[in-house]
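Below is one structure; the comments refer to it alone.
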Amino acid sequence: MSSLTRPLLLTLGVLGLLLSFTAPAWGREPRESHAARTPRGKRAALKPEPAVRVITAEELGPLLRPKDARPLLVNYWATWCDPCREEFPDLVKIDQDFRTKGLDTIAISLDDLAELKTEVPKFLRLMKVRMPVYLLHAADPEPSIKMVDPTWGGALPATFLYDARGEIVYKKFGRFDTAELRAAIEKVMSKK
């Protein structure tokens, strides 16, 4: 071997060794630290799970008759109910538009208790819900349904608007008409 061949072979061997360690990373984006991905190096806050409070049939009544004399919009829904899911963005928008004007809005889920840690919070996060949300846990929902309104058969969605005295002034079984509900809210808010 010539004196030039030996250093060349040694250099090629070292280069081959280095390439064998870096080859698995070829074609991948370089990893960045979490701090490097967020503006100004701040850590991104994890979004909190939407709070859903489990209530019993006995706790439902006081929710529908709050102590403060404010109008109240109540929507009964479930994640498995397609019309409920379709109207929910409108409900969230109504809550955003009227909350500061004195309307309280609550959503009461009739999902199974098992969905409390899975589908319900996932759906609420997707909808960016800020209103209070409850999950009605009742072995027999019929008494709760009749307490809310004797004419309600339990079909979902169901929406009720109460005036400041606690009287139902608007109700809709099935998907609500947004313009109709907004008009009812405007009317009840003008009497506040």
Original post:
So which residues in the range 103-122 are more than 27 Å from residue 146 (Cβ to Cβ) and either modelled with pLDDT of 95 or more or polar (S, T, N, Q) (or both), if there are any at all?
Top reply: 118
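Go through the range 99-138 residue by residue and tally those that are among the hydroxyl-bearing types (Ser, Thr, Tyr) and in contact with a His (Cβ under 9 Å, 6 or more places away or on another chain). Spell out the reasoning first.
Just the residues of the range 99-138 that are among the hydroxyl-bearing types (Ser, Thr, Tyr), to begin with: 100, 105, 109, 118, 134.
With the extra rule that they be in contact with a His (Cβ under 9 Å, 6 or more places away or on another chain), the set shrinks to none.
Result for the range 99-138: 0.
Based on what the data block shows, is residue 153 on the phi > 0 side of the Ramachandran plot and small (Gly, Ala, Ser)?
Values: on the phi > 0 side of the Ramachandran plot: no; small (Gly, Ala, Ser): yes.
So residue 153 does not fit the description; no.
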Original post:
For the range 125-142, which residues satisfy the criterion of being surrounded by fewer than 13 Cβ atoms within 10 Å (Cβ to Cβ) and either in a loop (DSSP other than H, G, I, E, B) or more than 17 Å from the chain's Cα centre (by Cα) (or both)?
Top reply: 128, 139, 140, 142
**OP:** Count, please, the residues in the range 90-110 that happen to be in contact with a helix residue (DSSP H, G or I) (Cβ under 7 Å, 6 or more places away or on another chain) and farther than 19 Å from residue 160 by Cβ.
**Re:** 0
Original post:
Mind checking which pairs have a first residue in the range 175-189 that is touching a residue at least 12 places away in the same chain (Cβ under 8 Å) and within 12 Å of residue 159 (Cα to Cα) and a second that is buried (at least 20 other Cβ atoms within 10 Å of the Cβ) and of a type in the set (S, T, N, Q), Cβ under 6 Å, 6 or more apart or different chains?
Top reply: 176/159
**OP:** Quick one: residue 147 ticks every box in (1) touching a residue at least 60 places away in the same chain (Cβ under 8 Å); (2) in a loop (DSSP other than H, G, I, E, B); (3) surrounded by 13 or more Cβ atoms within 10 Å (Cβ to Cβ) except a single one, so which number is it?
**Re:** (2)
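State whether the residues of the range 39-58 include one that is in a helix (DSSP H, G or I), surrounded by 13 or more Cβ atoms within 10 Å (Cβ to Cβ) and at pLDDT 50 or above.
From the range 39-58, those in a helix (DSSP H, G or I) are 39-41, 57-58; that's our starting set.
Then keep just the ones that are surrounded by 13 or more Cβ atoms within 10 Å (Cβ to Cβ); that gives 57.
Checking the rest, the ones that are also at pLDDT 50 or above come to 57.
Yes, there is a match, as at least one residue in the range 39-58 is in a helix (DSSP H, G or I), surrounded by 13 or more Cβ atoms within 10 Å (Cβ to Cβ) and at pLDDT 50 or above.
The values are calculated or read from the model by the stated rules, or taken from the named source; none is laboratory data. All of these numbers come straight from a predicted model, not from anything done at the bench. Cβ atoms come from the backbone with ideal geometry, glycine included; neighbour counts cover every protein chain shown.
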